[in-house]
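Have a look at the structure below before the remarks.
The values are calculated or read from the model by the stated rules, or taken from the named source; none is laboratory data. Because the structure is predicted, anything quoted here is derived from the model rather than measured. Every residue, glycine among them, receives a Cβ derived from its backbone with ideal geometry; neighbour counts consider all protein chains shown. Protein only, heavy atoms only, side chains kept; ligands, DNA and RNA dropped before computing areas. Shrake-Rupley method; radii C 1.70, N 1.55, O 1.52, S 1.80 Å.
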Amino acid sequence: MMSLGSPRFTSKYCCIIGVSFSGAEDMGCDANGKRGGRHEKFQREPQAGLNGIHRFATRRVFLPCGGLFRVTFRSMMRPTFCAPLLLSLTLLSGCQAAPKVPETPEPAYKFSKLWGSHGDVWIQGGRLPDFSYAGYRNGETPIPDYPVVATVTDFGAKGDDDVDDTAAFQAALAKSGPGAVLVPPGRYIISGLLRINKPGVVLRGSGTERTTLFFPKPLDDLEPNTGATTGGRPTSNYSWSGGFVRLQGDFKSAPLTPITSPAVRGERIIVVEKPAALKVGQSIEVRVTDTPENTLASYLYSDDAGDMSQLKGTTFTSIITKITRIDGDRVELQRALRFDLRPEWKPEVRAFEPTVRDSGVEDLAFEFPNVPYEGHFTEKGFNPVAFGNVADCWARRLKFINPDSGPMVGGVFNTVSDVVFESQRAPDSGGNQGHHGIYLQNIGDHLFTRFDFRMKFVHDITSSKCAGAVISEGKGVDLCFDFHKRAPYDILITQVDLGRGTRPWKSGGGAALGKHGGARITFWNLQAAGTLPEPTKEYGPWSMNFVAVDLGRPSRLDALGLWREAIPKDVLYPQNLHDAQLARRVEDAKR
């Protein structure tokens, strides 16, 4: 064993109190220095001091080159910041000591120092979040193809005429299910809301080129909903909410038990006051709520929040997970926490019993009138689909023609996939033809994938007040990633073609609500027609990650600052981080 001694590293956040390294030759590795390629889980035992926040940990990391690197540290105040430091030490020291593979040509792929080839250097609770739970059923089960149980023609819809078919659609959805309500080929006029408020119900067309729903009037004409911007400008609330097809449910959220002991991001054990209120296999919500001083919001911005004086203590965040084990008052969670649990944030376990699950809309075109787009905040609600307090639902294989906005996605674990946005409307002075292409919000863990923006919105892809969302495998004419303030955090954008790339970071949101994006937003493998500008400091905090994103600058791997890995996109592996994280988790579950 080669010892690096006992160096002491001191910073605002961590103190390294012991380091050692074992080379591959000491560990029975094969000729290529390979040994499993995964770091071990580590054990953290809380120690007294600083309100229970001080912790000691020993990290054992198996390097892809075969070495074993041990680091013992004490973390203070923000223990998760030690993870990038560990990673830097691991890469600096471990790979130098392992035996080298015989001389070969330059490898075809390059790996991020946050992930490695197959997650071999990834650290749970570190700088790179776990995005693998996004979307329908956490990506573990394909979206089902339900058998048809009714057709709208059974209830009087005809299509391809001038007769309004709203009543027939509403009756079919209200009286059918579980299963698919089929819309045969044709063009149907709809002038009212189509509600899906039951589990296991799907509105299914016969394909986007064969089945079209035409909406001649906006939502604000049907159900007026007047509001105002945060600056006081009168507008319709449908400018940023609502849809003609509404998947609406209730989480049946209610307090079950307080959490009585602090925990840090990346851990899976919580200590509760009333373990008898819980059971193994139960789905729960773990929630924290802000203080009047906005300390939680500040944390969700990596303590780099900007002006957030108008938040006024209203921030809360949560994670949905299952219980895997209960031992006295200690509860083991399926998922690692994505935020700290601190007493001042009143951490609690709440019930999570969604009334609408496994429902969706698919294989349809939504068409709206071809009228000029008059600009930002003038929208009256030509919006196709909205999700509210539903879980594991979907919108797939859809086309949106002349919309004000695209899907409004609330709830948790919802998937929007294989969608096309196009418009013939005359644009505003900025070349925009709509407001929000998609709006991801609420608890989060949504998946937006395989999309094609053939038009330009004021905000193409918006996230606000949510976490864990994934945006992947899409393209657009000139995409922008709009983080709409109120601490959207732990969000991944991977394998996306921005098109022209002239406005990638264009974002909105009211004044004094924090920076646009929150902690650890990760951009992984972005393509554009040219070099992208580096975001301004107002776009997000220091903890954002840029991997294989051409910002026209060399790599900067700052454990306590911007992480920019200038890897050419064509040689990056994996190309899609979400797919890689999901594959690794599924594989690990089989072991």
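A compact table of results
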read-out	value
In sequence order, calculated HN-Hα J values of segment 448-456 (Karplus, 6.51, -1.76, 1.60; Hz; x Gly/Pro)	10, 9, 6, 10, 9, 8, 9, 9, 10
Efficiency of FRET from Cβ geometry, LYS346 and THR536, R₀ 25 Å, rounded to 0.05	0.15
Within segment 254-351: Cβ-based charge dipole about Cα centre, in debye rounded to nearest 20 (Lys, Arg +1; Asp, Glu -1)	520
Backbone HN-Hα couplings from phi across segment 521-535 [Karplus 6.51/-1.76/1.60, Hz, Gly and Pro as x]	5, 10, 10, 9, 6, 10, 10, 8, 5, x, 5, 8, x, 6, x
Shape call, segment 145-276: gyration tensor on alpha carbons, a/c limit 1.5	oblate
Cross-link pairs beyond the 29 Å C-alpha cut-off, checked among LYS475/LYS515; LYS399/LYS465; LYS113/LYS346; LYS456/LYS569; LYS158/LYS456; LYS113/LYS537	LYS113/LYS346; LYS158/LYS456
Placed amide H near GLU348: partners under 5 Å, 5+ positions off or other chain	ILE259, ARG287
Sparse-neighbourhood loop sites, GluC sites (Glu not before Pro) in segment 523-591 - DSSP loop, at most 14 other Cβ within 10 angstrom	GLU538
Estimated FRET transfer efficiency when R0 is 25 angstrom, pair ALA583-GLU353 (beta carbons, to 0.05)	0.25
At R0 = 22 Å, FRET efficiency that the Cβ-Cβ distance of THR378 and GLN424 yields, to 0.05	0.80
Average accessible surface area per residue within segment 254-351, 1.4 Å rolling probe, Å²	41
Pair ALA254, VAL571: separation of 7 Å Cα→Cβ label points (nm)	5.9
Mean Cβ count within 10 Å, highest first, over the residues of peptides 459-468, 202-211	459-468, 202-211
³J(HN,Hα) computed for each position of segment 277-285 - Karplus, 6.51 cos²θ - 1.76 cosθ + 1.60, integer Hz, glycine/proline x	7, 10, 8, 5, x, 6, 7, 9, 10
Gained length - THR153 relative to SER283, 0.36 nm times residue gap less alpha-carbon distance	42.9 nm
Amide H within-cut-off set for PHE481, under 5 Å, with H built and near neighbours excluded	TRP505, LYS506
